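Visitor: Before I ask anything, let me first share the structure, which is written out below as structure tokens.
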Amino acid sequence: MNFKFFKAYSYKNSALKSFVIFSISLFLLIMFVSAFFVVPKVNELLDFQYEQDAQNELALESALFTRFVVSQQTIVQDLAAYPMLAGAVMLGEANDLSITELFENTIIGGRKSRLVLQDIAGNVVIKTDNTLYGNYAANQLWIEQLLTGATQYHFQLLRQNNAALTFKVSVPVLYNGLIEGVLSSEMTMPLKDIFVTQNFNTNVAFKLTQGAVTINTGTEHIEIHRENSLILAEMDIIFTYVTDDSLIYNGKRELQNTILLVLLFSFTVAFLLFAGISYRGLTQNETGVEVSKGTRRNYVIPVIVAVIGIGASISAFMIATNLKYAVIEKELIFESKQKITTIKDEITENLQFLDAIKAFYNASSYVSRQEFSTFVTPLLFNYQNINSVEWLPLITKQQLPELKAKAATDGFSNFSIKEINANGELVQAKSRESYLPILYVEPFLGNEDRVGVDQAKNDIFTALSKAQYTDVKVATGIERLKTEHGNRTGIFILNPVYENKHLLNKDLEPQLLGYIRIALNMSNIFAHTLNIENSHLLLYVEDITDPNNIEVMYGVRQQENTFFREEALNIAGRSWRVLTYSTVAKTPLMLSAWLVLIAGLAITGLMTFGITYLIRRREIVEQLVESRTKALKLSEKEHRSVVENAVDGLLTIDEFGIIEKFNHAAEQIFGFSAAEALGKNYKLLMPESAHKFQDLYLQNYRNTGIKKQLSSDIKLEGKRKNGATFPIELSVSEMKIGKTKKLSGIVRDVTERVKLEKEREKFIDKLTDSNEELARFAYVCSHDLQEPLRMVRSFSELLQAHLADDLKDDAKGQKYFKFVIDGAARAQLLITDILSYSSISSDTQMLECVSLEELVSVIQKDLLDTSSGIITADALPAIQGNRTQLYQLFQNLISNGLKYQKPDAEPHVHISVENNEQFWLLAFKDNGIGMEERHLKKIFDVFQRLHGKKQYAGTGVGLAICKKVVERHNGEIWVESEVNVGSTFFVKLLKPIE
Amino acid sequence: MNKLSNIFLFLISSFIGASQATENTLYVYLDADLSNHKESSQAIQQGIEVAFSEIDNKIAGFNIAFKYLDHRGNVIRSKRNYQKFINDPNALVIYSGIHSPPLIKNRKFINENKALTLIPWAAAGYITRYPSPENWLFRLSIDDSRAGSVIIDYAMKKQQCKKPHMLLEKTPWGDANLKTMTEALKSHGIDEPETTRFSWSLKAKGAAIIVDEIIRAGSDCIILVSNAVEGAVIVNEILNLPEEQHLPIISHWGITSGNFHEIIPYERRKSLQINFIQSCFAFTNPQQSPFSKAVFSRLVGHSKGEVTKPEDLKSAVGFIHAYDLTLLLIQAIKQTELTGDMDIDRNNIRLALENIDKSIPGLVKTYTKPFSQFNQQTNNNAHEALNPDSYCMATFGKEDEILISIE
């Protein structure tokens, strides 16, 4: 037991050792492959990916830039749709004051507009009076293109001033859908508002080239430049995206580290897994099944595949996630910025309304309710988001009666100043030095109840009143606005109005007249902003001016798992936090990346297991092949030794008779060594006389494929090296190996046998001659002896008769005569017996169907005529045989049974038969005197007698005849006997073969 | 061979014939708004063509052919068209319409380049009052300087307006009408009439504000000076108001110049009272003279099936004026001989137009010395073929035809 454990342990130990060596080698190999193949390849891929990324970024950024341009174009296009512009270009002059107003008062991008209007001849119809950088000479290609409708708009870079870009957007002016002029707008915008990329200023830069003008966002922060460009055909701008290659190097390093880490990690995991599996394998292999040591090496490939696959999957996962996020984030940033700008613009536009009313107040000495209404109402048409406009004059106690009087003329007979008390109820205002009542309100309908409500206690007004002269517009926090569509979120914006005398005389203190207050429907503005261009954004806005009281203005705050961007918006002293959400949630994106990862891992797993499985199979097959080969080699060895040690000569020839194999025995037989015989034609081993026949034989074999005459044990003549011919016995067999046919022959030198055979034949011939002579002699003897004997007997009897009277009293003479006659009679009997015995051997075997029943009945008749006794028999069959001989057999055996009897006994012979498959067994049983054991063998010999002829008559030939007959019938005869009981003679006669 | 040479000779002769025809052809130009106010421009074309067809397009040994240029109402494009006319050595005369502004803005250019201009449709008074005895612009059309008062008189007397609201386009044409109409209103005791101006290319929103303003101002009728494009936009906005706020419109003829009737079809406009000034002839009037019947049948033949009944002729005034004006031109050419040198011939025709020596029966009236030499002080209307007695007020019929109110 201990010994077994030690053996298993040492076996495992050595396997573990080789496994460790293998693992270290594998690890070194991976490191080697990583260093010289994976990492350079990864670098290459990284460069490629980076290039792709840069190209993608470039495409994205340029698309964003194009969108920016298109958005600017939309602004200018909206402006160009003003009817008076069409009129002006049609007339070729700006005869309309409203055009001048439009040109001077339009704000684009937060600045006073810089506009140029040109007619179809390219002549400038009107332009703003500020500095223009563009070239507006007639007959320029771009004007021509715009006028002919070849381009939708013209975008031109003009100059760069530090971090601001000045550009021009020109659009056609249409009348009734047809182009009648061109409106150009020059705009200056901070580059950071144009290129909205988050990492702009740190990692990337942009360069725009149009003709001689180049704009760039500043590249001082970029260490190693990498430029990717594309041409924006519509604008004829080369858009260049500059990235910092030092980032790639850092990135590369990071990624390389990551890859190495991943490799190491994957290797470790794979190693542990592999080790686990192998350990199981080792423990299971205790039974001693041979595990070839080379096997482990085969698993390098699946391990590498697994490592690379896992690495690649993880990388793909990371890249997929990052790329998609990047695109979405960029889109979000751009859209978000755009929305913010739109909101800002919308509000700024509405603020112009305040300016207009303020200008109106400044231009008039007094504004009546009617004038206020007339001025404001049409304006409100254009400013749908302004819910209401109010005028809140600063009224001193002294001015109150005058105010009431004016109100009365306006139809407010009971005008009084009210205020909201602590309980929120509207009550008569308390008397104080000054009031700030809502005096005019438009639209009046629905806002009637607000007239006269004092706002002096409102915090904002309190604050503003205390402040020095100020022209800023101030916004309030969230207000609920009543609209026809229900309550909406809004803000109030108010603007103080001063007497404008101080503008003329700087010494005068500015005198506050009151406030204009507008209610801005922010819900509408936000909603409208969102609805532009089927936006994919969600918007959430909150007022964060007072950190202690953050109020939601619009939208619902989304969950954190969506992409969002936070922007700050400062409007009229309020700070708003604007959160824009992409409607694309993170989860589905993650899902796709996860899918990539899972798919990658699954494929890796499949590949690894696939390869492992294949390798395992190959191994099994190899091992099988090896074991079979071993067995085969062994068997071949055995075969070879059999062949080599065979006594018979073995040789193989091909279809052309060339000897391919020649064994040791063949060498002995023919006297040629194998080296001498191989490669030679086998005719070498034949005498010349047989050559022709052999050629014909092979030719015929080749043509027909029939090995005629040649089969087994053909006797031929062979030729030894010394030229002597000798007899051989040849058996030929055909071998088919693939398509080639071969003949193999077993050769036996039969010189000795032939010699022996000849001798035997000679001997047999001699023996036959001698036998025949003997038979002839016996026949002649017996036949020729019959005649003198008969003469002796007959003449003795004649003589006895002749001398009868003489011998009457001569007893002696009579006795002598009797002896002569008896002797002659016995000699006659003997000769007859010898004659029949010898004739048996010489008789030809005339076989016929002999009925034993008949035979026995004939014998019964013959015998019982002359002697007494009983002969019984079973039912006897008919058998094939010589009738005469069978008669002699049965007659001898039965008569013997009757003859050798005790004197006082009734003789009885019974013949029984036993039917065996192949033979009949006949038994002749008598109740005679029996024989002693020692005599049993002798009785079948010729002339053997157990008793004196006086006791029992006979010649001693009968049983010899029986034996000869049975042998002639291929049978057997024997006897079983007991003295004074009887004997049983058994005869076994073969049944004829069917 | 014989056959071939015959074909060759035929080709040669036809080529020579063709080149001779080209050499002998003089071109009558039309510079009009073929895009935005197509109907009126087509009517003018038909008027010119029908009149010339009566003399088989041949006069004084020359064939007459026509060239139509599109200015789309754009002053600059009109000037370019004129340049083409001036540069064409075979250009006989140029008709111009339907907008006044191109003619107002380019009047000096036209006169200085001696471009003989016939105006069947363009109303601004300024156009024909070029302060020189050598005046190259002749008009057979409504003249604002005198039409204004006709429109105002109709509004005040017939429509019984108490507080008319003048709504005029912001162009020199609108300016001219503002002046004459304000003057005319003074005679009806309105010193400071309510006035609103609008630009070309006015859109629905702007029109809605204007209409709202007019309603708020408490006006009881609208005096409209507008072309068909903007006119349709304004009328559409009026029709968007409740029916009781549909103020009657007394309009200059600009609204008949385009597809006004298609944008505001009869079913929509029937609740609204729109009257506008026209010259006092219409094919739609039940009583037609044999002369006018003959002209109309020629028009039917000429229009190749487009016009079969009077209602089919849109912007009919363009046809009527152009036809009458062309009759005068033909007479003037007949009075002078054509040399083939257009500088000389144009001047001769100009002088002949000022001295037509026989009465020419036309559709609107019979013209007896319709033009004479211009003198700002003494003969201010010298280049006006029509006088206010030929101005009538009209309305659209059920089939968009123009019905002259016969008094």
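Visitor: Among the numbered criteria (1) in contact with a Phe, Trp or Tyr (Cβ under 7 Å, 6 or more places away or on another chain); (2) at pLDDT below 80, which one does A:GLY87 miss?
Guide: (2)
Visitor: From the list A:ALA54, A:ALA138, A:ALA86, which residue is more than 23 Å from A:ASN176 (Cα to Cα) and within 13 Å of chain B (Cβ to nearest Cβ)?
Guide: A:ALA138
Visitor: Among the residues of region B:125-148, is there at least one that is within 14 Å of another protein chain (Cβ to nearest Cβ) and modelled with pLDDT under 95?
Guide: yes
Visitor: If you don't mind, another one. Being over 14 Å from B:ALA385 (Cα atoms), in contact with a Pro (Cβ under 9 Å, 6 or more places away or on another chain) and among the aromatic types (Phe, Trp, Tyr) is the filter here, so list the residues in region B:91-144 that pass it.
Guide: Result: B:TYR95, B:TYR126.
Visitor: When you check B:ASN177 against the structure, is it polar (S, T, N, Q) and crowded, with 19+ Cβ neighbours inside 10 Å, yes or no? Step through it out loud before you land on a result.
Guide: Working: polar (S, T, N, Q): yes; crowded, with 19+ Cβ neighbours inside 10 Å: yes.
When the stated conditions are applied, B:ASN177 passes them.
Visitor: Right, another one. May I ask you to say which residue of A:ALA407, A:ALA422 is surrounded by 13 or more Cβ atoms within 10 Å (Cβ to Cβ) and more than 60 Å from the chain's Cα centre (by Cα)?
Guide: Matching residue, one of A:ALA407, A:ALA422: A:ALA407.
Visitor: Return the pair list, or none, for Cβ contacts closer than 9 Å from residues in region A:759-779 that are farther than 21 Å from A:ILE834 by Cβ to residues that are surrounded by fewer than 11 Cβ atoms within 10 Å (Cβ to Cβ) and of a type outside the set (S, T, N, Q), at least 6 apart or on different chains.
Guide: Listed by first residue and then by second, the contacts come to nothing, as the list is empty.
Visitor: Next question. Considering region B:136-164 alone, what residues qualify as being closer than 14 Å to B:ASN177 by Cβ and touching a Cys at 6+ places or on another chain (Cβ under 7 Å)?
Guide: Within region B:136-164, B:ALA155, B:PRO164 qualify.
Visitor: Could you list, in sequence order, all residues of region A:428-449 that are farther than 29 Å from A:GLU484 by Cβ and not aromatic (Phe, Trp, Tyr)? Reasoning before the result, please.
Guide: Restricting attention to region A:428-449, the residues satisfying the condition of being farther than 29 Å from A:GLU484 by Cβ are A:428-435.
Those that are farther than 29 Å from A:GLU484 by Cβ and not aromatic (Phe, Trp, Tyr): A:GLN428, A:ALA429, A:LYS430, A:SER431, A:ARG432, A:GLU433, A:SER434.
Visitor: If I ask for residues that are crowded, with 21+ Cβ neighbours inside 10 Å and either in a strand (DSSP E or B) or out of contact with any His (no Cβ under 8 Å at 6 or more places or on another chain) (or both), which ones from region B:21-36 would you list?
Guide: B:LEU26, B:VAL28, B:TYR29, B:LEU30, B:ASP31, B:ALA32, B:ASN36
Visitor: In this structure, does B:ILE250 turn out to be surrounded by 14 or more Cβ atoms within 10 Å (Cβ to Cβ), of a type outside the set (Gly, Ala, Ser), in contact with a Cys (Cβ under 8 Å, 6 or more places away or on another chain) and in contact (Cβ under 8 Å) with a residue 40 or more places away in the chain?
Guide: Working: surrounded by 14 or more Cβ atoms within 10 Å (Cβ to Cβ): yes; of a type outside the set (Gly, Ala, Ser): yes; in contact with a Cys (Cβ under 8 Å, 6 or more places away or on another chain): yes; in contact (Cβ under 8 Å) with a residue 40 or more places away in the chain: yes.
Here the answer is yes, as B:ILE250 does meet what is asked.
Visitor: Taking region A:57-83 as the region of interest, how many residues are more than 19 Å from A:VAL169 (Cβ to Cβ) and within 13 Å of chain B (Cβ to nearest Cβ)?
Guide: 1
Visitor: For the subset of region A:473-498 comprising residues that are crowded, with 19+ Cβ neighbours inside 10 Å and of a type in the set (Gly, Ala, Ser), which member is nearest to A:ILE571 (Cα to Cα)?
Guide: Selected residue: A:ALA475.
Visitor: Only one residue in B:ILE333, B:ILE349, B:ILE277, B:ILE255 is in contact with a helix residue (DSSP H, G or I) (Cβ under 7 Å, 6 or more places away or on another chain), without any contact (Cβ under 8 Å) to a residue 40 or more places away in the chain and crowded, with 21+ Cβ neighbours inside 10 Å. Which one? Full working, then the answer.
Guide: On the way: B:ILE333 fails: without any contact (Cβ under 8 Å) to a residue 40 or more places away in the chain; B:ILE349 fails: without any contact (Cβ under 8 Å) to a residue 40 or more places away in the chain; B:ILE277 fails: without any contact (Cβ under 8 Å) to a residue 40 or more places away in the chain.
Every option except B:ILE255 fails the conditions.
Visitor: When you go through A:THR396, A:THR374 one by one, which is the residue that is free of Cβ contacts under 8 Å to residues at least 40 places away in the same chain, away from chain B (no Cβ under 14 Å) and surrounded by fewer than 17 Cβ atoms within 10 Å (Cβ to Cβ)?
Guide: A:THR396
Visitor: Which of the numbered conditions does B:ASP175 fail, given that it passes all the others? Conditions: (1) within 14 Å of chain A (Cβ to nearest Cβ); (2) touching a residue at least 24 places away in the same chain (Cβ under 8 Å); (3) within 26 Å of the chain's Cα centre (by Cα); (4) under 24 Å from A:ASN95 (Cα atoms).
Guide: Of (1) within 14 Å of chain A (Cβ to nearest Cβ); (2) touching a residue at least 24 places away in the same chain (Cβ under 8 Å); (3) within 26 Å of the chain's Cα centre (by Cα); (4) under 24 Å from A:ASN95 (Cα atoms), only one is false for B:ASP175: (2).
Visitor: A further question follows. Please determine, by comparing only the residues of region B:60-99 that are assigned to a strand (DSSP E or B) and within 22 Å of A:ASP119 (Cα to Cα), which one is nearest to the other protein chains (Cβ to nearest Cβ).
Guide: My answer is B:ASP70.
Visitor: Out of B:LEU386, B:LEU353, report the one residue that is within 19 Å of B:ALA147 (Cβ to Cβ) and not acidic (Asp, Glu). Can you show your working first?
Guide: Numbers: B:LEU353 fails: within 19 Å of B:ALA147 (Cβ to Cβ).
Exactly one of B:LEU386, B:LEU353 is within 19 Å of B:ALA147 (Cβ to Cβ) and not acidic (Asp, Glu), namely B:LEU386.
Visitor: When the residues of region B:35-59 are filtered to those that are more than 13 Å from the chain's Cα centre (by Cα) and either within 14 Å of chain A (Cβ to nearest Cβ) or over 28 Å from B:ILE119 (Cα atoms) (or both), which remaining residue is modelled with the highest pLDDT?
Guide: Kept after step one, since they are more than 13 Å from the chain's Cα centre (by Cα), are these residues of region B:35-59: B:35-36, B:49-59.
If we keep only those that are either within 14 Å of chain A (Cβ to nearest Cβ) or over 28 Å from B:ILE119 (Cα atoms) (or both) too, we end up with B:35-36.
Working: B:SER35: 89, B:ASN36: 86.
Residue satisfying both the conditions and the ranking: B:SER35.
Visitor: Now a separate question. Can we say A:ASN382 is surrounded by fewer than 18 Cβ atoms within 10 Å (Cβ to Cβ) and within 14 Å of chain B (Cβ to nearest Cβ)?
Guide: Judged against the criteria, A:ASN382 is a match.
Visitor: Test of understanding: among A:ASN130, A:ASN203, A:ASN161, A:ASN139, which residue is in contact (Cβ under 8 Å) with a residue 12 or more places away in the chain, of a type in the set (S, T, N, Q) and at positive phi?
Guide: A:ASN139 is the lone residue from the list that is in contact (Cβ under 8 Å) with a residue 12 or more places away in the chain, of a type in the set (S, T, N, Q) and at positive phi.
The values are calculated or read from the model by the stated rules, or taken from the named source; none is laboratory data. Everything quoted here is computed from the prediction, not taken from an experiment. Virtual Cβ from ideal backbone geometry, glycine too; neighbours counted across all protein chains shown.
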